[in-house]
Every structure is written in C-alpha cells, then in structure tokens.
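K.L.:
Can you read through this structure? Questions will come right after.
The values are calculated or read from the model by the stated rules, or taken from the named source; none is laboratory data. Computed from a predicted model, the values in this text were never measured in an experiment. Please note: Cβ atoms are built from the backbone with ideal geometry, for glycine as well, and neighbour counts cover all protein chains shown. For the accessible areas, the whole protein counts, side chains as well, though only heavy atoms, and no ligand, DNA or RNA atoms are used. Shrake-Rupley method; radii C 1.70, N 1.55, O 1.52, S 1.80 Å.
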Amino acid sequence: MEGAPGLMPSPVRGELEYLVLALLMKQPMCGTDIIRTIHEKFGLLLSPGTVYPLLHELKRRGLVEFERGGKIKRYRTAEGMEEKIRGLLEGYISAKRMVLDFLESSG
C-alpha cells in the first residue's frame, strides 16, 4: 500500500542498491544491520526478502563480499572495488540531480 506508515514507497526500491552500497562503503554490516539502519534513517521497513537477494546480486557482480562470524554474514565492499562503487554512486547522484533540476524548472 503506497503511503502506509512504515511501508516502503515503491520509487525507493530502485534506490536500494545505492543506499546499501553507500552504507557498506562506511562500514561492514550484516543484513539485519542494513534493515535497521535504513528503517532508522528513512522510516522504511524492509523485509529480509528484499535485502538478502540484493546483497547476493551485489556479491554476484563482484561489488561486495562477506565474512562469516558464526551464523552472521558481515557484508563489505569487495577489495579493490571502492573506486568503482564511488563512481556508481557519483553517477547516480549526478543523474538524480539532472532529473530534479528538470522537475523543479518544469513547475
């Protein structure tokens, strides 16, 4: 339901990859930490069924890796990929600014 308290608005789903990468650039996190941090910062309630497939996809693409500590997997940016991830984030920010500038000038 769009707009219901605690539920993620659908436009944000396309931004999760960038949010997760930005969080992992700051520090390694397990999936639960990612869910909690996004909920605290954005009021978005993510399910594990949203976060873990994204983490697996980012790992498949070589952008993140994990280490296992007991039952917990802590994800971090993959060694040597920090510059590529910074480029992805900067490109996303630049594209978002262009869209926002256009929308503001159209109103």
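K.L.:
Just for region 17-63: of the residues that are acidic (D, E) and loosely packed, with under 15 Cβ neighbours inside 10 Å, which one is farthest from G87 (Cα to Cα)?
P.N.:
Step one: filter region 17-63 for residues acidic (D, E), giving 17, 33, 40, 57.
Applying the additional criterion that residues be loosely packed, with under 15 Cβ neighbours inside 10 Å yields 40, 57.
Working: E40: 26, E57: 18 Å.
Selected residue: E40.
K.L.:
Kindly list the number of the only condition in (1) of a type outside the set (S, T, N, Q); (2) farther than 15 Å from L16 by Cβ; (3) surrounded by fewer than 13 Cβ atoms within 10 Å (Cβ to Cβ) that fails for F66.
P.N.:
(3)
K.L.:
Scan region 5-13 and tell me whether some residue there is surrounded by fewer than 17 Cβ atoms within 10 Å (Cβ to Cβ) and either at pLDDT 95 or above or under 17 Å from L89 (Cα atoms) (or both).
P.N.:
Yes, because at least one residue in region 5-13 is surrounded by fewer than 17 Cβ atoms within 10 Å (Cβ to Cβ) and either at pLDDT 95 or above or under 17 Å from L89 (Cα atoms) (or both).
K.L.:
Just the residues that are open to solvent by less than 90 Å² (accessible area, probe 1.4 Å) and acidic (D, E), please, taken from region 82-107.
P.N.:
E82
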